[in-house]
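K.L.:
Quick one: the structure is below, and I'll ask about it shortly.
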Amino acid sequence: MRSATLLRGFAMAAAAVAFMLSVGWWQTRDRAQDTAGVLPLPIDRMSFTLMDQDGKTVEPQDWLGRPTMVFFGFTWCPDICPTTLSDISGWLETLGPQADQMNTVLISVDPERDTPEILGDYLSNFDPRITGLTGSLPQIKAAAKGFRATYRKVPAEEGDYTMDHTAGVFLFDADGRFANIIDYHEDPRYAVPKITRIIK
Amino acid sequence: MKRIFATLALIAAAGPALACETVTTGSLEVSRAWSRASIGTARPGVVYLTIRNSGTADDALISITTPAADMPMLHQTVMTDGIASMPHAMEVPVPAGGQVALEPGGYHAMLMDLTQVLKEGETFPVTLTFRDAGEVTIPVTVQNIGASAPTCTSPDE
């Protein structure tokens, strides 16, 4: 009788440990899926339709044949987006005419406020080679999915909101293969050579 | 309010200057205050500046006010796994004998509900409140929307 109780106790303890381990495994796996090491798709496998600041329809396949640089942002953001746009304008200036043959693209994660007109108005303050894209919420979602980028609406005061979003700059070669990411605030000494590598 | 007008008058009299305007309160020195031009007043504006603490006690920037915005707030851009978020900062620590910079990609003052268009080349006053050192007002220079650092120079530059 006593050994049966003991056995049952062991079995329960073992079950509890197994349960905790499985929960731990599941959580780890879930977290890994969210963030770590998932690379953007090649451009020819992406699928979305967005609109540029001139109202022209753009699909990822339009980028093939030229190296491509893409980043996500929104014009309502006071800090990181103007900073990234100003960094990119600086890189394009350094690259000079070499950068003419590239697609340099900002995809808005805030299409509710960023209309093509607003994007155009905003981007007119930066290098003219930067194209701004916006579109319907499902199309923005499809675009982010292709890049494995994430964004989230965060409520702020008085019904206002801001957006969390992937801040890196994605680089693809002319065949549409993912090449590299330039992290936010990366030293220009490293950023420009990364771009040069996809141009050559 | 009187102080703000006095500051405005001072700016008007001083004209364009190449050296960064510096103001002090207690052992704190604030300088390199700049902002970016806004398109209209719908989007939030930004203020960056540097605070130096020559004293022996820690202090903290706890709030800001400005006639240029109805709801100025302290924020911090934080990167987590490559994703940028912008949480509200309750305070910005100013360590004893050290300095803290509100600068692109880090702490910054976000100006919600702009009351005026921020035009390049103009200045507007911002009043900072510190936990211990009290209040101080500094003129903020509006730079180009694509600017990433102040154009004025500090004495030590």
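The values are calculated or read from the model by the stated rules, or taken from the named source; none is laboratory data. The structure presented is a predicted model; accordingly, all values stated were derived computationally and were not measured. A quick note on method: Cβ atoms are made from the backbone with ideal geometry, for glycine too, and the neighbour counts reach across all protein chains shown. Areas reflect the complete protein model, heavy atoms only, side chains present, ligands, DNA and RNA absent. Shrake-Rupley method; radii C 1.70, N 1.55, O 1.52, S 1.80 Å.
K.L.:
Quick query: amide H of B:Glu122 versus all other amide H atoms, modeled in the peptide plane; which residues come in under 5 Å with a sequence gap of 5 or more or a different chain?
P.N.:
B:Val142
K.L.:
Explain nothing, just compute: Karplus ³J(HN,Hα) = 6.51 cos²θ - 1.76 cosθ + 1.60, θ = phi - 60°, for every residue of the range A:76-90 in order, whole Hz, x for Gly and Pro.
P.N.:
Coupling constants for the range A:76-90: 7, 8, x, 10, 6, 6, x, 5, 5, 4, 6, 4, 5, 4, x Hz.
K.L.:
Taking every residue in B:110-116, how many Cβ atoms of other protein chains lie within 10 Å of its Cβ, on average?
P.N.:
Details: counts 5, 1, 6, 3, 0, 0, 0.
Counting Cβ atoms of other protein chains within 10 Å of each residue's Cβ and averaging gives 2.
K.L.:
Follow-up question, since we're still on this one. Straight distance only, please: which lysines reach the Cα of A:Lys194 with their own Cα at less than 25 Å, same-chain residues fewer than 8 apart left out?
P.N.:
A:Lys145
K.L.:
Here's another thing I want to ask about it. B:His88: accessible area at probe 1.4 Å, nearest 10 Å²?
P.N.:
Near enough 90 Å² of accessible area.
K.L.:
Out of every Cα pair in chain B, what percent are spaced more than 24 Å from each other?
P.N.:
On the way: 3570 of 12246 pairs.
Everything past 24 Å amounts to 29 percent.
K.L.:
Accessible surface of B:Met79 in the full protein assembly, 1.4 angstrom probe, to the nearest 10 Å²?
P.N.:
80 Å²
K.L.:
Also: Determine the order of A:Arg66, B:Arg36 by accessible area, beginning with the largest, at a probe radius of 1.4 Å. Can you show the working numbers first?
P.N.:
Working: A:Arg66 95, B:Arg36 10 Å².
Descending accessible area places them as A:Arg66, B:Arg36.
K.L.:
For A:Asp187 paired with A:Asp160, estimate the spin-label separation in nm (one decimal), with each label point 7 Å from Cα along the Cα-to-Cβ line.
P.N.:
The two pseudo-label positions are separated by 3.7 nm.
K.L.:
Here's something else I'd like to know. Whole Å is fine, so just give me how far the alpha carbon centre of the range A:95-122 lies from that of the range A:156-171.
P.N.:
Computed from Cα coordinates, the inter-centre distance equals 16 Å.
K.L.:
For B:Gly55, list long-range residues whose amide hydrogen, built 1.01 Å from N in the peptide plane, is under 5 Å from its own amide hydrogen.
P.N.:
Close amide H contacts, sequence-distant or interchain: B:Gly97.
K.L.:
Then there is this: I'd like the Karplus ³J(HN,Hα) series for the range A:93-106: coefficients 6.51, -1.76, 1.60, θ = phi - 60°, whole numbers in Hz, and an x wherever there's a Gly or Pro.
P.N.:
Listing the rounded values in order: 5, 4, 6, x, x, 3, 7, 4, 8, 9, 9, 10, 10, 9 Hz.
K.L.:
Please get the size of the charge dipole for chain B, origin at its Cα centre, with Cβ charges of +1 on Lys and Arg and -1 on Asp and Glu, quoted in debye to the nearest 20.
P.N.:
Numbers: 8 positive and 15 negative charges, 73 e Å.
Result for chain B is approximately 340 debye, rounded to the nearest 20.
K.L.:
As a test, work out the antiparallel percent of DSSP beta bridges whose residues both lie in the range A:43-199, rounded to the nearest 5. It would help to have the intermediate numbers written out before the result.
P.N.:
Working: 17 of 27 bridges.
Bridges in the range A:43-199 are about 65 percent antiparallel.
K.L.:
Hey, how many Å between the Cα centroid of the range B:125-157 and the Cα centroid of the range B:77-119?
P.N.:
Taking the Cα centre of the range B:77-119 as reference, the centre of the range B:125-157 is 13 Å away.
K.L.:
For the full complex of protein chains and a 1.4 angstrom probe, list A:His185, B:His108 by accessible area with the highest value first. Spell out each step's value before the answer.
P.N.:
On the way: A:His185 95, B:His108 0 Å².
Of A:His185, B:His108, the descending order of accessible area is A:His185, B:His108.
K.L.:
Here's something else I'd like to know. State the answer as a single residue: which of A:Thr75, A:Phe172, A:Leu106 lies farthest towards the positive end of the charge dipole of the range A:43-199, with beta carbon charges of +1 for Lys and Arg and -1 for Asp and Glu, about the Cα centre.
P.N.:
Value computed over the given set: A:Phe172.
K.L.:
Can I ask one more? Share of Cα-Cα pairs in the range A:43-199 beyond 24 Å, in percent?
P.N.:
Taking all Cα-Cα pairs of the range A:43-199, the fraction more than 24 Å apart is 27 percent.
K.L.:
If you put +1 on each Lys and Arg Cβ and -1 on each Asp and Glu Cβ, how big is the dipole of the range A:43-199 around its Cα centre, in Debye rounded to 20? If you can, show how the numbers build up before the last one.
P.N.:
Values: 14 positive and 24 negative charges, 141 e Å.
Roughly 680 debye for the range A:43-199.
K.L.:
What is the set of long-range amide H partners of B:Ala60 at a cut-off below 5 Å, with H atoms built 1.01 Å from backbone N?
P.N.:
The list, which skips near neighbours in sequence, is B:Val94, B:Arg131, B:Asp132, B:Ala133.
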